[in-house]
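Notes follow the structure.
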Amino acid sequence: MRKSSAPPVSGLRNKRKYRYWGLERLRFLSQLSGLAITNLYLIHLRWLPFPVMNCYACPLATFACPIGSLQYAIDAGFFPFYLLGVIFISGLIFGRVTCGWLCPFGFIQDLLYKIPTRKFTFPRYLSYGKYFFLLIFVLLLPFLFRQPIFCKICPVGTLEGGIPWPIIEPQFRSLIGWNYFLKITILVGIIVLSILFSRPFCKAMCPLGALLSFFNRFSFLRVEVKKEACRRCALCATRCPQGIVIYEEEGHPDCIGCLKCKVFDAVEMKVGVPDKLLGLKKGVKKDG
Amino acid sequence: MRALYRLIWLLLVVVMISLTAFGVKRGEWKKVKLNAEIICTSCIGLEK
């Protein structure tokens with residue numbers, strides 16, 4: 001494991017520094033709003049699978065969890081037209097921007113990563129893990145065993161449902177068994193990893209991120225590189241929480257649109273109907 | 001070529017909206033709602 005080599009923001013020019021903190025503040029507020037909206041308690045819109053990781057077993061939950069609902073559809077034996085339609089419309093419009101700007105669990109991981117300690121770079125090959133969890137734990141195992149298998153290991157459910165319910169309702173305490181401790185162990189593992197690595201759950205485990213990642217190349221909101229302005233200095237890669245070299249990998253499946261790379265002039269957030277598939281053409285020419 | 005990409009994208013959006021509307025017509029939203037309102041204790045680790 002290599003130590004992260006992100007340069008200090010103070011090293012940037014003032015204009016960039018203000019732009020960086022302005023965007024970061026805006027994203028923080030957006031994430032805070034995401035946390036509040038998905039946990040309103042009084043308003044129940046549980047017919048709507050909101051495209052973020054937020055467990056509907058949470059006593060405060062406003063929306064349905066798309067992954068839990070997908071497993072339920074597989075378990076109940078109907079093809080989820082409505083569910084997939086909502087998830088895919090969200091993907092076509094936002095790509096994975098919802099992960100970076102609205103997801104409550106992503107927000108919690110971002111906060112944990114702010115704890116000052118030694119930071120590490122997440123191994124890139126582990127980012128394929130989310131496709132494994134999507135295929136095996138969300139699609140295959142629920143089909144074979146007729147049970148929501150991913151929910152049984154999901155740390156979001158433990159944090160938002162597993163911990164609050166035994167506190168609120170004493171009768172649930174008698175149900176605590178080995179599965180509960182397994183879930184708590186997974187949650188503690190994710191919390192510890194989130195302090196050391198940026199968003200480990202999103203990179204290696206999130207099946208919703210895996211589903212939405214397919215839309216990053218052609219979503220309405222997308223991160224693009226202004227080829228004439230890019231000098232391929234790779235400074236944007238040092239700021240990226242996902243470790244993406246954006247000029248080489250436009251529309252990368254792991255890009256959560258956090259815009260930390262926007263601090264450099266060559267990166268922009270495009271809004272509009274896409275007129276090309278990102279990432280299929282070669283990037284800009286190398287300087288010199 | 002650019003216009004073609006735009007057209008395909010818009011077509012995809014129309015297809016997805018149709019999918020959603022078809023699902024709503026079949027009453028899938030009610031199933032999703034019902035499932036989301038029942039607390040699955042085993043899903044949050046509360047099972048012996």
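The values are calculated or read from the model by the stated rules, or taken from the named source; none is laboratory data. Because the structure is predicted, anything quoted here is derived from the model rather than measured. We place every Cβ from the backbone using ideal geometry, glycine too, and count neighbours over all the protein chains shown.
Within the stretch A:167-194, being touching a residue at least 24 places away in the same chain (Cβ under 8 Å) and hydrophobic (A, V, I, L, M, F, W, C) holds for A:ILE168, A:LEU182, A:ILE184, A:ILE186, A:LEU187, A:ILE190, A:ILE191. Residues in the stretch A:97-130 that are farther than 17 Å from A:MET205 by Cβ and in contact with a Ser or Thr (Cβ under 6 Å, 6 or more places away or on another chain) were compared, and the one that is modelled with the highest pLDDT is A:TRP101. Filtered by the rule that a residue be at positive phi and surrounded by 15 or more Cβ atoms within 10 Å (Cβ to Cβ), chain B gives a lone residue, B:GLY45.
Where helices (runs of 4 or more DSSP H) fall wholly inside the stretch A:174-287, the ranges with 2 or more residues that are over 30 Å from A:LEU84 (Cβ atoms), within 14 Å of chain B (Cβ to nearest Cβ) and among the aliphatic types (A, V, I, L, M) are A:178-196. A:ASP75 falls short on exactly one of the conditions (1) among the charged types (D, E, K, R); (2) touching a residue at least 24 places away in the same chain (Cβ under 8 Å); (3) farther than 23 Å from B:LYS30 by Cβ, and that condition is (3). Within the stretch A:78-127, the residues that satisfy the criterion of being without any contact (Cβ under 8 Å) to a residue 40 or more places away in the chain, hydrophobic (A, V, I, L, M, F, W, C) and over 24 Å from A:PHE137 (Cβ atoms) are A:ILE89, A:LEU111.
Which one is farthest from the chain's Cα centre (by Cα) among residues in the stretch A:40-57 that are more than 9 Å from chain B (Cβ to nearest Cβ) and crowded, with 17+ Cβ neighbours inside 10 Å? Residue satisfying both the conditions and the ranking: A:PHE50.
Okay, residues lined up against (1) farther than 20 Å from A:SER90 by Cβ; (2) without any contact (Cβ under 8 Å) to a residue 40 or more places away in the chain; (3) in contact with a Phe, Trp or Tyr (Cβ under 8 Å, 6 or more places away or on another chain):
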residue: A:PHE214; (1), (2), (3): no, no, no
residue: A:VAL223; (1), (2), (3): no, no, no
residue: A:LYS226; (1), (2), (3): yes, no, no
residue: A:ASP265; (1), (2), (3): yes, yes, no
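Taking the stretch A:43-116 as the region of interest, the helices (runs of 4 or more DSSP H) fully inside it that hold 3 or more residues being touching a Phe, Trp or Tyr at 6+ places or on another chain (Cβ under 7 Å) and closer than 18 Å to A:ILE153 by Cβ are A:66-76.
Any idea which of A:PRO148, A:PRO166 is closer than 15 Å to A:ILE74 by Cα and within 9 Å of chain B (Cβ to nearest Cβ)? Answer to the selection: A:PRO148.
Counting only residues that are over 19 Å from the mean Cα position of the chain (by Cα) and more than 8 Å from chain B (Cβ to nearest Cβ), the stretch A:72-89 holds 4 of them. In the stretch A:267-284, the residue that is farthest from A:PHE94 (Cα to Cα) out of those that are at pLDDT below 80 and surrounded by 14 or more Cβ atoms within 10 Å (Cβ to Cβ) is A:VAL284. Contact map, the stretch B:6-28: first residue at the interface with another protein chain (Cβ under 7 Å from one of its Cβ atoms) and among the hydroxyl-bearing types (Ser, Thr, Tyr), second residue assigned to a helix (DSSP H, G or I) and surrounded by 14 or more Cβ atoms within 10 Å (Cβ to Cβ), Cβ cut-off under 8 Å, separation 6 or more or different chains; pairs are B:THR20/A:PHE81; B:THR20/A:TYR82; B:THR20/A:GLY85; B:THR20/A:VAL86; B:THR20/A:ILE89. With the structure loaded, tell me whether A:PHE218 is under 29 Å from A:LEU140 (Cβ atoms), under 17 Å from the mean Cα position of the chain (by Cα) and aromatic (Phe, Trp, Tyr) or whether it fails that test. When the stated conditions are applied, A:PHE218 does not pass them. Within the stretch A:75-90, can one find any residue that is touching a Pro at 6+ places or on another chain (Cβ under 8 Å) and aromatic (Phe, Trp, Tyr)? No, that holds for no residue.
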